[in-house]
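Asker: One structure, as structure tokens, below. Some questions next.
The values are calculated or read from the model by the stated rules, or taken from the named source; none is laboratory data. Please read all numbers here as calculations on a predicted model, not as lab measurements. No Cβ is skipped: glycine too gets one built from the backbone with ideal geometry, and neighbour counts run over all protein chains shown. For accessibility, only protein heavy atoms count, side chains too; no ligands or nucleic acids. Shrake-Rupley method; radii C 1.70, N 1.55, O 1.52, S 1.80 Å.
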Amino acid sequence: MLFTPWSSQAASAVLDATCEKPGPVLISLQALQNEFGYVPKEAVEMVAKACNVSRADVHGVLTFYHDLRTSPPPKNSVRICVAEACQSVGSRKLVEDAEKVFGTQMEESNDDIELKPVYCLGNCALGPSAMVDGELIGRATANDLHHLVKAKS
Amino acid sequence: MTLLIEPDYGTPAGKSLDIVEVEIDGVSVSIPSDTSIMRASALAGISIPKLCATDSLNAFGSCRLCVVEIDGRNGTPSSCTTPVSGGMKISTKSERLDRIRQGVMELYMSDHPEKCAAGDECEMHGMAKTVGLKEVRYEGQSHLDLPKDESNPYFTFDSTECIVCNRCVRACDEVQGTFALTIENRGFESRVSSSGTSFIESECVSCGACVQACPTGALTEKTLYTIGTPTRSVITTCAYCGVGCSFKAEMRGDELVRMVPYKDGGANEGHSCVKGRFAWGYATHEDRITTPMIREKITDPWKAVSWDHAIDYAATKLKALQSEFGIDSIGGITSSRCTNEEVFVVQKMIRAAFGNNNVDTCARVCHSPTGYGLSQTFGTSAGTQDFESVEHSDVVLLIGANPTAAHPVFASRLKQALRKGTKLIVVDPRQIELVRTPHIEASHHLQLLPGTNVAIINAMAHVIAEEGLIDRDFVNARCDLDSFARWEEFISLPENSPEALEASTRVPAEEVRKAARLYATVPNAAIYYGLGVTEHSQGSTMVMGIANLAMATGNIGRTGVGVNPLRGQNNVQGSCDMGSFPHELPGYRHISNPKTREIFEIQWKTVLNAKPGMRIPNMFDSAISGEFKGIYIQGEDIAQSDPNTSHVHAALRALDLVIVQDLFLNETSKFAHVFFPGTSFLEKDGTFTNAERRINRVRPVMASKTGKSEWEVTCDLAAAMGYEMGYENSAQIMDEIAATTPTFSGVSFAKLDELGSIQWPCNAEHPEGTPVMHIDHFVRGEGRFMVTPYVPTDEKATRKFPLLLTTGRILSQYNVGAQTRRTANVVWHSEDILDIHESDAELRGIEDGSWVKLSSRVGETIMKARITDQVPAGVVYTTFHFPESGANVITTDYSDWATNCPEYKVTAVEIAPSSKGPQAITEHASHGDVELESIIRMANQIAANVPTNTAPEHAVAHHIEQFWTPYMQERLMKEVDRAALSPIVIKALALDLNHVLS
Ligand code: SF4
Ligand code: SF4
Ligand code: FES
Ligand code: FES
């Protein structure tokens, strides 16, 4: 995925549009992540100022949502559902295969790829489910994931 | 005395007027319908186990320990979050409830240290016992190996003991209003966090509310570990600011373990700030001087002597000075840091034993204009409300005050109101925190140029008059209509419109109009103000302008409105009440009034001088001219705190005898010949009166370290001079105050002990005191409008000194810092810093954090610069907490026309980069007859400020009669070249002064 490189000016522009909305902290953090791929530490103070909340308020929201990240993302991100419905249709196997195919472990990442668990993607009927860079895949196999990652990078 | 454990009812008191009856375990209780079941039970004497609830915070419902059963309802609701309703039948005990509670507690205990370092402080083990938990079967992952956060100097955060009940987070949000804490992460990883950094790096202001709220040992005062658990407590009053918080001093033997804010404290209701809560270590600091000392010359070393010797030495010298240079050659200054009783005896000693009225107080340099302005308009010198009143205000107009730094506990209350919807208007040259701070934003910030207060208040009043927003019913019913008519005519003049004044104030006229409309059109609007109002050449005019505004809009005489000076020091109100001003006796009664004098003459068995004595600046001038020879200074470091340091130093050097009574050797004692060691508030027995006129008891928690109470020292000195004032204890002094002062007639230590605190007036009419004043009529009868012409200060930005310096305080330090500099509070603020706007800095090549030279026409000093947008271009700002920076070397001796309160808030300065560090203070010496120069300046200033639409010369003559010493009047009459005086003064001199007064 392509993100704008982080800069506080670009971030200010993003925040100008978000801080007036209801629930501005979460919306601002999401907007920053969409723009830059992550929410760096220094953004905490900026969001706090823009939304007129404390740094602690922002820190609380930022750490609560697993989707929000504080370091730059790898080139691709693969998330595999490990919730009950998907487990019952083979997501454990999918995890094992994916770890082999991508040469990395669940919850680990390198510059190129990260594998992360997710708890239900709302796609239970078509499990095992996974997501590659935000794109949802049903009845997923490790090969599907691998191809998609290749296509996307 | 034993350790006082205050009851915790679990949730805040209900406020509803709808009273319902419920039955709890067979006991019936009548209670407001918005009360929780938990609180209702506690009031019925049935305590329900709880962890996440405490009565200073709203219910949260997270621990599920407080479950109960309700007849006719399914399940087991939590009693903290469930309100009572009429006819409810509740049981708090059953086997099912026991099981649930044990289950919850077992889970908690499986991740809690078996033995807590904090011992009984931790409620967990007690609660486990209460619910009958026998064993913990679970094991596995825990948080027991997390590191401690010791970064705050006063308390520890030990995450291993934390049960994530959120009480600390909620205390920081709901009570303190800082929002410094959060729960980070989620699920098992959830931890309390000061935004991912250590406490000291976080937004935490160290108020201690979270420590107070925490049910476990997770947040604990460090002294609890170093000294041990307390065994007894004494209720007393904080000795820092004018909020006057009540504390439980918790002691172990003779050692103070901690100061815990007292829930029953009228001013603070269980809250505190970093100073009162933690910064009391100065009281036992090794710098404390505890033996009297004397020396012949100020270049000699100090010699420790006995009390008898020191008192005898001082008395002999004072008497010798009087016999050589006259009765009026000595005087004294009372301290607003001391108790009412201590202050009362000092002014009594001066009036009765010295035989003159040369008594003044450090309140001269802070709130004397409040005294003058509110007396003229309302008839008494005091704020009109209690602090609680702010919760009922729709709009708060905050002028020249920075409560989050200077009155933090009031600021927390104000923030609570603002978060509930009260609107805020800030009038301040600086962007103070309340203009925009988490979850709070002022509706208007009128960012005026320093020195233009009166222009702004006139402009607001102009809008109110012009747009038909005057509350005519109130004015007609309550005010002096002649004065109102004169005022209305004056204020409606086009020159008072916001448009006309925009050039002076720099505030856009439309913004002023909007703010004025907002203030005038809500049901309840209140004004709070601080030293940014008083410390100006028109300080008194501004106070009257504020009073006019409140009267014109009917915002006086009920809850939620009023005019409220935020007093700087703990006992400014009290020291003024106690007759510390040279022109008035206790209770603000003029010394020239024979009836008032008679009351005291009978009580004191002496004859009193009917003429006003010298004010502090008069004493300085007179010392330099050689007439004033000896001074007794009670707990005030004038050499650091008073403006134009070089002038003060010259005056002190000129004196033959300087007696200093203080805790520490300070800047002033460098010029002293006698040092009487003072007592800290922990050793005092007496009362302080806070900004709400609330008289609070100060109780000794330890014996005096000097062997004497301060009032005893004063009495001994008076006796050695031949005037006995033998009291056995300070309660007797209060009895004498009550016997001589009508507003205090109902006050006694016994009654204070019974009621907790009393807001004066307390007399036959108001036996339990008066939370809100001027309810049916003003103290002076009818409220009097005063015409308030805007007269720009002579202290103007010039080409040589193009910037305006204004001064203030910060949260962790207190005034001259004698106390706070001797505590760990220096971790937050260890030097005075000069705030400067980016554009001004750039122009002068000044970088953030670099040394700069700050100079005014009276002196120069060096400090570090900080580039910030909190000050506008053209304005710089600093604090005056550290002697090294000597901020007052810069400030001038210009002062308020009516009271001589120094104009600290406006000094024209220039700033330049400096290669040198501090200790490079240069003072410019004053030359010539300074006293005569001051006399001329003061007379002309008075003439410029009295309204010109009624015979102004009478007002000038009257003012001089009332406030000037006979000697100064004489010099004005006889020695001043008429060419130096304004025409109004000349006309005034032609009047028979004595005739005017009578
Ligand atoms: S000490 Fe006060 S400001 Fe600091 S975290 Fe605790 S409640 Fe908040
Ligand atoms: S630190 Fe104390 S108050 Fe805060 S969540 Fe933990 S146990 Fe509760
Ligand atoms: S459980 Fe995997 S999508 Fe719902
Ligand atoms: S005390 Fe009621 S849920 Fe914690």
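Asker: Test each condition in (1) without any contact (Cβ under 8 Å) to a residue 60 or more places away in the chain; (2) within 16 Å of ligand 4 (Cβ to nearest atom) for B:Val131 and report the one that comes out false.
Answerer: (1) is the only condition that B:Val131 fails.
Asker: Also, I was wondering about something else. Can you name every residue in the range B:168-181 that is more than 11 Å from ligand 2 (Cβ to nearest atom) and at the interface with another protein chain (Cβ under 8 Å from one of its Cβ atoms)?
Answerer: B:Thr178, B:Phe179, B:Ala180
Asker: Would you point out which residue out of A:Ser129, A:Ser109, A:Ser91, A:Ser71 is under 29 Å from A:Lys41 (Cα atoms) and either open to solvent by less than 60 Å² (accessible area, probe 1.4 Å) or aliphatic (A, V, I, L, M) (or both)?
Answerer: A:Ser71
Asker: Can you tell me which of B:Gly208, B:Gly266 is within 23 Å of A:His59 (Cβ to Cβ), crowded, with 23+ Cβ neighbours inside 10 Å and in contact with a Lys or Arg (Cβ under 6 Å, 6 or more places away or on another chain)?
Answerer: Exactly one of B:Gly208, B:Gly266 is within 23 Å of A:His59 (Cβ to Cβ), crowded, with 23+ Cβ neighbours inside 10 Å and in contact with a Lys or Arg (Cβ under 6 Å, 6 or more places away or on another chain), namely B:Gly208.
Asker: Here are A:Leu121, A:Leu145, A:Leu115: which of them is open to solvent by less than 20 Å² (accessible area, probe 1.4 Å) and touching a residue at least 40 places away in the same chain (Cβ under 8 Å)?
Answerer: A:Leu145
Asker: Filter the range B:429-445 down to residues that are touching a Pro at 6+ places or on another chain (Cβ under 9 Å) and in contact (Cβ under 8 Å) with a residue 40 or more places away in the chain and give me whichever is least open to solvent (accessible area, probe 1.4 Å).
Answerer: Selected residue: B:Ile432.
Asker: Check B:Met725, B:Met702 and return the single one that is farther than 30 Å from B:Ile890 by Cβ, in contact with a Cys (Cβ under 7 Å, 6 or more places away or on another chain), aliphatic (A, V, I, L, M) and outside the structural domain of B:Thr541 (by TED's automatic domain parsing).
Answerer: When all the criteria are applied, what remains is B:Met725.
Asker: Evaluate the following for A:Ser28: is it more than 14 Å from chain B (Cβ to nearest Cβ) and surrounded by 19 or more Cβ atoms within 10 Å (Cβ to Cβ)?
Answerer: Judged against the criteria, A:Ser28 is a match.
Asker: Is it the case that the range B:147-158 has a residue that's on the phi > 0 side of the Ramachandran plot and either open to solvent by 10 Å² or more (accessible area, probe 1.4 Å) or within 16 Å of ligand 3 (Cβ to nearest atom) (or both)?
Answerer: Scanning the range B:147-158, I find no residue that is on the phi > 0 side of the Ramachandran plot and either open to solvent by 10 Å² or more (accessible area, probe 1.4 Å) or within 16 Å of ligand 3 (Cβ to nearest atom) (or both), so the answer is no.
Asker: Just a yes or no: is a residue in the range B:133-145 open to solvent by less than 40 Å² (accessible area, probe 1.4 Å), within 14 Å of chain A (Cβ to nearest Cβ) and of a type outside the set (D, E, K, R)?
Answerer: no
For (1) under 28 Å from B:His112 (Cα atoms); (2) touching a residue at least 40 places away in the same chain (Cβ under 8 Å); (3) away from ligand 2 (no atom under 14 Å from the Cβ); (4) under 42 Å from the mean Cα position of the chain (by Cα), each residue gets a yes or a no:
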residue	(1), (2), (3), (4)
B:Leu51	yes, yes, no, yes
B:Asn58	yes, yes, yes, yes
B:Leu65	yes, yes, no, yes
B:Val68	yes, no, yes, no
B:Asp71	no, no, yes, no
B:Thr76	yes, no, yes, no
B:Cys80	yes, yes, yes, yes
B:Ile90	no, yes, yes, no
B:Arg96	yes, no, yes, no
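Asker: Residues in the range B:89-102 that are open to solvent by 50 Å² or more (accessible area, probe 1.4 Å) and in a loop (DSSP other than H, G, I, E, B): how many?
Answerer: Selection size over the range B:89-102: 1.
Let's see how each residue does on (1) of a type in the set (Ser, Thr, Tyr); (2) within 30 Å of A:Val44 (Cβ to Cβ):
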residue: B:Cys207; (1), (2): no, yes
residue: B:Thr216; (1), (2): yes, yes
residue: B:Leu219; (1), (2): no, yes
residue: B:Arg232; (1), (2): no, no
residue: B:Ala239; (1), (2): no, no
residue: B:Gly244; (1), (2): no, no
residue: B:Glu255; (1), (2): no, no
residue: B:Gly276; (1), (2): no, no
residue: B:Tyr282; (1), (2): yes, no
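Asker: Name, by its number, the condition in (1) in the same structural domain as B:Gly103 (by TED's automatic domain parsing); (2) over 21 Å from B:Ile100 (Cα atoms) that does not hold for B:Leu4.
Answerer: Unmet condition: (1).
Asker: While we're on this one: Restricting attention to the range A:26-66, which residues are over 19 Å from B:Ser194 (Cβ atoms) and among the aromatic types (Phe, Trp, Tyr)?
Answerer: Answer for the range A:26-66, where residues must be over 19 Å from B:Ser194 (Cβ atoms) and among the aromatic types (Phe, Trp, Tyr): A:Phe36, A:Tyr38, A:Tyr65.
Asker: Sticking with this one: List, please: which pairs have Cβ atoms under 6 Å, are six or more places apart or on different chains, and start with a residue in the range B:199-213 that is in the same structural domain as B:Ala180 (by TED's automatic domain parsing) and end with one that is within 16 Å of ligand 4 (Cβ to nearest atom) and of a type outside the set (Ser, Thr, Tyr)?
Answerer: Short answer, once both residue conditions are applied: B:Ala209/B:Ala171; B:Cys210/B:Cys168; B:Cys210/B:Ala171; B:Ala213/B:Arg167; B:Ala213/B:Cys168; B:Ala213/B:Ala171.
Asker: Now for a separate question. Determine which member of the set B:Val390, B:Val426 is outside the structural domain of B:His958 (by TED's automatic domain parsing), farther than 19 Å from B:His536 by Cβ and either part of a loop (DSSP other than H, G, I, E, B) or in contact with a helix residue (DSSP H, G or I) (Cβ under 6 Å, 6 or more places away or on another chain) (or both).
Answerer: B:Val390
Asker: Only one residue in A:Ser109, A:Ser129, A:Ser91, A:Ser77 is hydroxyl-bearing (Ser, Thr, Tyr), away from ligand 1 (no atom under 16 Å from the Cβ), away from chain B (no Cβ under 14 Å) and out of contact with any Leu (no Cβ under 9 Å at 6 or more places or on another chain). Which one?
Answerer: A:Ser91
Asker: Now a separate question. Here is a list: B:Lys129, B:Lys134. Which entry is away from ligand 2 (no atom under 12 Å from the Cβ), among the basic types (Lys, Arg), closer than 30 Å to B:Arg99 by Cα and not in a helix (DSSP H, G or I)?
Answerer: Of the residues listed, the single one that is away from ligand 2 (no atom under 12 Å from the Cβ), among the basic types (Lys, Arg), closer than 30 Å to B:Arg99 by Cα and not in a helix (DSSP H, G or I) is B:Lys134.
Asker: Just checking, does the range B:181-190 include any residue being within 26 Å of B:Ile100 (Cα to Cα) and either in the same structural domain as B:Ser110 (by TED's automatic domain parsing) or among the basic types (Lys, Arg) (or both)?
Answerer: Looking for residues that are within 26 Å of B:Ile100 (Cα to Cα) and either in the same structural domain as B:Ser110 (by TED's automatic domain parsing) or among the basic types (Lys, Arg) (or both), one finds at least one in the range B:181-190, hence yes.
Asker: A further question follows. Take B:Ser272 and decide whether it is away from ligand 3 (no atom under 16 Å from the Cβ), within 19 Å of B:Glu161 (Cα to Cα) and among the small types (Gly, Ala, Ser).
Answerer: Criteria not met by B:Ser272.
Asker: More than 14 Å from chain A (Cβ to nearest Cβ) and either more than 16 Å from ligand 4 (Cβ to nearest atom) or touching a strand residue (DSSP E or B) at 6+ places or on another chain (Cβ under 9 Å) (or both): is that true of B:Ala213 in this structure?
Answerer: yes
Asker: Let me ask something additional. What is the one condition in (1) open to solvent by 10 Å² or more (accessible area, probe 1.4 Å); (2) within 14 Å of chain A (Cβ to nearest Cβ); (3) over 20 Å from the mean Cα position of the chain (by Cα) that B:Ile298 does not satisfy?
Answerer: It fails just one condition, (2).
Asker: A follow-up question, please. If B:Tyr225 satisfies all but one of (1) under 27 Å from B:Ser110 (Cβ atoms); (2) within 11 Å of another protein chain (Cβ to nearest Cβ); (3) open to solvent by 20 Å² or more (accessible area, probe 1.4 Å), what's the number of the condition it fails?
Answerer: Among (1) under 27 Å from B:Ser110 (Cβ atoms); (2) within 11 Å of another protein chain (Cβ to nearest Cβ); (3) open to solvent by 20 Å² or more (accessible area, probe 1.4 Å), the lone unmet condition for B:Tyr225 is (2).
Asker: Could you tell me how many of the residues in the range B:48-88 are surrounded by fewer than 24 Cβ atoms within 10 Å (Cβ to Cβ) and more than 10 Å from ligand 4 (Cβ to nearest atom)?
Answerer: 17
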